[in-house]
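Structure first, commentary second.
FYI, it's all coordinate maths here, none of it is from the lab. It should be emphasised that the depicted structure is a prediction, and the values quoted were computed from it without experimental measurement. When we count neighbours, we look across all protein chains shown, and the Cβ atoms used for this are built from the backbone with ideal geometry, even at glycine.
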Amino acid sequence: QWIDFGQFLHEVLDRFEIIAQEKNIELNRHISKKPSYVEMDQDKLIQVLDNIISNALKYSAEGANITTTLLHQGNHVRVSIADQGMGIPRESQLKIFDRFYRVDRARARNIGGTGLGLAIAKELVQAHGGDIWVHSEYGEGTTIYFTLPYSTSKGGDM
Ligand code: ATP
Ligand code: MG
């Protein structure tokens with residue numbers, strides 16, 4: 001169905017507010033108000049966002065911020081979720097989208113997960129005609145970006 005992506009992002013973030021507060025993490029939102037209808041399977045995009053946001057929370061320290069941004073690039077929306085967490089070493093940055101890959105077994109042992117979340121997110125975003133990538137500085141933070149085609153009206157542009 002066609003869903004306004006900005007409104008949808010707010011709803012997803014609202015559900016994470018309590019978990020974030022427990023870790024004293026602020027969820028900043030820079031979400032464009034321009035109508036941005038995406039033809040999508042809502043449950044699948046929830047799965048994508050749940051994983052990216054839970055990763056950001058899981059790999060951040062107490063008191064950090066997470067900033068979610070929605071902007072437009074041509075006929076795509078571009079969403080980014082930026083954290084100030086432990087970051088990902090350069091040599092691992094392409095591999096995090098592989099099934100079962102987790103950075104550094106030692107740190108992975110202390111933080112739960114199977115290493116499937118981002119592999120599934122990549123498949124789902126690509127199935128919706130978008131792309132997903134990472135920018136990270138080890139020790140400083142991680143930003144996950146993804147794009148999706150959008151239209152300014154429900155059902156596509158005239
Ligand atoms: P799952 O999502 O299946 O519960 P997971 O979170 O370990 O497990 P992915 O979400 O696929 O798996 O992420 C793969 C790996 O990428 C993680 O194990 C972690 O090492 C690294 N990673 C992902 N997101 C971040 C982030 N925001 N900051 C630091 N490292 C991250
Ligand atoms: Mg995960």
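For every helix of n ≥ 4 consecutive DSSP H residues, a contribution of -39,500 (n - 2.57) applies; sum these over the chain, divide by its total residues, and give [θ] at 222 nm rounded to the nearest 500 deg cm²/dmol. Don't jump to the answer; show the numbers that get you there.
Numbers: 4 runs with 52 residues, N = 158.
Dividing the helical sum by the residues of the chain leaves -10500 deg cm²/dmol.
Counting pairwise Cα distances across the chain, what percent come out greater than 23 angstrom? Spell out each step's value before the answer.
Numbers: 4389 of 12403 pairs.
Value for the chain (Cα pairs over 23 Å): 35 percent.
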Contact order normalised by residue count of region 69-158, Cα under 8 Å, 6+ apart, percent:
38
Return the single residue from 127, 82, 20 with maximal mean-square fluctuation; model: Gaussian network over the chain, springs between Cα atoms under 10 Å.
127
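Within the chain, what's the longest stretch lacking GluC sites (Glu not before Pro) that sit in DSSP loops with no more than 16 other Cβ atoms inside 10 Å? Walk me through the numbers on the way to the answer.
Working: sites that count: 62, 140.
Result, exposed sites excluded: 63-139.
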Using a simple spin-label model with points 7 Å from Cα along the Cα→Cβ vector, what separation in nm is obtained for residue 58 and residue 152?
4.0
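Using the Cα gyration tensor of region 15-107, with a ≥ b ≥ c the square roots of its eigenvalues, what is the shape: rounded (a/c below 1.5), prolate (a/b larger than b/c) or oblate (neither)? Write down the numbers at each step before the final one.
Values: a/c = 1.84, a/b = 1.30, b/c = 1.42.
Because a/c hits 1.5 or more and a/b fails to exceed b/c, region 15-107 counts as oblate.
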The chain, relative contact order [Cα under 8 Å, separation at least 6], %
27
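For region 29-80, rounded, prolate or oblate, judged on the Cα gyration tensor with a ≥ b ≥ c (square roots of eigenvalues), a/c < 1.5 rounded, else prolate if a/b > b/c?
Working: a/c = 3.02, a/b = 1.52, b/c = 1.98.
It comes out oblate by the Cα gyration axes.
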Per 5 Å bin from zero, what fraction in whole % of the C-alpha pairs of region 83-155 is there, up to the bin with the longest pair?
3, 15, 21, 25, 17, 8, 5, 4, 2, 0
If the cut-off is 26 Å between C-alpha atoms, which lysines fall inside it for residue 154, apart from same-chain ones fewer than 8 positions away?
33, 34, 44, 122
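When a/c reaches 1.5 or more, the comparison of a/b and b/c decides; with that in mind, is region 1-52 rounded, prolate or oblate per its Cα gyration tensor?
Numbers: a/c = 3.23, a/b = 1.61, b/c = 2.00.
Oblate.
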Roughly what angle does helix 117-127 make with the longest principal axis of the chain, taking Cα atoms, 0 to 90 degrees, to the nearest 10?
20
Cα centroid separation, region 1-25 to region 61-122 (Å)
17
What distance in nm separates the two pseudo spin-label positions at residue 72 and residue 107, each 7 Å out from Cα along the beta-carbon direction?
3.8
